[in-house]
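Data first, discussion second: the structure below is written as structure tokens.
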Amino acid sequence: MIKESDWNERYPRPRRRRRRRGCLTRLVTTVLVLGLLVGWFWWQQNGLSSETITVSSAPDGFDGYRIAVVSDLHAKEFGEGNRVLLDYVRDLEPDLVAVVGDILHEPDQMSMIPAVAKGLAAIAPTYYVTGNHEWASGQMPELRQLLEETGVTYLSNTFVPLERNGDTMTLAGIDDPNGYAGQKSPEEVAGEVKEAAGDGFWLLMAHRNNLFDGEYCRLGADLVLSGHGHGGIWRLPFTDGLLGAGGQLLPGFTNGFYRCTDGHEAQVFVTRGLGGIPRLFNHPQVAVLTLHCE
């Protein structure tokens, strides 16, 4: 008969230390994986991106003119006072900053406006048109005053001539349809531009990307600048985004250049924007359009 002491010598019990070590390894691995996922998700929301796009057919005097397109901030802050965003835009060296709407999201977010508006205006002449959220906030009178005080030009169904190297082009802006009833129509604004500038090159700032095809594309602008689509929010391979700003599946016209589908020659550039609903594979974007003559 084998004694218990002999049995234990021949067949020792597994050491608990190994079990504990295995549990610790799994715990550390789990924490690292979760940390990487959290960091990746944070980077999806906060990692600024840019691309430079060439636009042909501009007047000779505007060859090399750079326009930074900013949209859909939704009161998001990239660093205190949006310092990270402002430094990023400054490094892009724009000649003009076009803010195409939805700088606000809720009525109580006005306090962040002065820093970002003043900061952008200090980089380059900055022009702004409304998005749907500014009107929904009920803060447009206050916002308009703040923008004027900080040096941002609000294009409320109007236009301005831009001059460079002896040439002129026109920059027009239209209010979002959420605006006051009875406001000037886009067609009226386009008619005024044509009357003042003839067949000259002109750009139109208009927030809603989904109103370009079939509507804004008929106004005659050489190029429309829009936002609103948030890049399709979740960008998946072989799609133009999974979700539209209104929740629709597989939206179109959410990122980059598009042409009208009804035969008009007009083009629109749609930026993915900066804030809004959590993004996947869709970094916040400040795009730069570089104008060139043919």
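The values are calculated or read from the model by the stated rules, or taken from the named source; none is laboratory data. If you're wondering where the values come from, they're calculated on a predicted model, not measured in any experiment. Backbone-built Cβ (ideal geometry, glycine too); neighbour counts: all protein chains shown. Only protein heavy atoms, including side chains, enter the accessible area calculation; ligands, DNA and RNA are left aside. Shrake-Rupley method; radii C 1.70, N 1.55, O 1.52, S 1.80 Å.
General remarks:
- Inverse mean reciprocal Cα-Cα distance (Kirkwood Rh) of the stretch 135-214, Å: 14.1
- At the residue level, LYS76 shows approximately 50 square angstrom of accessible surface with a 1.4 angstrom probe and all protein chains present.
- Overall, the accessible surface of the chain at a probe of 1.4 angstrom is composed of carbon and sulfur to the extent of 53 percent.
- Across the stretch 122-274, counting alpha-carbon atoms alone, Rg and Dmax equal 15.9, 47 Å.
- Isolated Cys residues of the chain, judged by Cβ distance under 4.7 Å to other cysteines: CYS23, CYS293
- Phi-based couplings in Hz for the stretch 241-247 (Karplus 6.51, -1.76, 1.60; Gly and Pro marked x): x, 8, 10, x, 4, x, x
- Solvent exposure of the stretch 121-279 amounts to 44 Å² per residue of accessible area, where only protein heavy atoms count and the probe is 1.4 Å.
- What the phi angles of the stretch 127-143 give under the Karplus curve with 6.51, -1.76 and 1.60, with θ = phi - 60°, is a coupling list of 10, 9, 10, 6, x, 5, 6, 4, 5, 5, 6, x, 10, 4, x, 5, 5 Hz, glycine and proline written as x.
- Put CYS260, CYS293, CYS23 in order of accessible area, highest first, and with a 1.4 Å probe you get CYS23, CYS293, CYS260.
- A 1.4 Å probe over all protein chains sorts GLU106, GLU134, GLU93, GLU80 by accessible area into GLU80, GLU93, GLU106, GLU134, starting with the largest.
- Rounded to 5, percent antiparallel among DSSP beta bridges of the chain: 40
- Taking the C-alpha atoms of the stretch 190-283, convex hull volume expressed per residue in Å³: 98
- Each Lys or Arg adds one and each Asp or Glu subtracts one; over the other residues with Cβ under 11 Å from the Cβ of GLY252, this totals -2.
- Largest-first ordering by accessible area, 1.4 Å probe, given options GLU187, GLU77: GLU187, GLU77
- Distance from the alpha carbon centroid of the stretch 129-159 to that of the stretch 64-85 works out to 16 angstrom.
- Taking N as its residue count, the alpha carbon Rg of the stretch 50-121 over 2.2 N^0.38 Å: 1.25
- Amide H contacts under 5 Å for VAL70, placed H, 5+ residues apart: ALA98, VAL99, VAL100
- Computed [θ] at 222 nm, helices only, for the chain once each DSSP H run of length n ≥ 4 contributes -39500 (n - 2.57): -9000 deg cm²/dmol
- Put a plus charge on the Cβ of each Lys and Arg, a minus charge on the Cβ of each Asp and Glu, and nothing anywhere else: the dipole of the chain about its Cα centre is then about 3240 debye.
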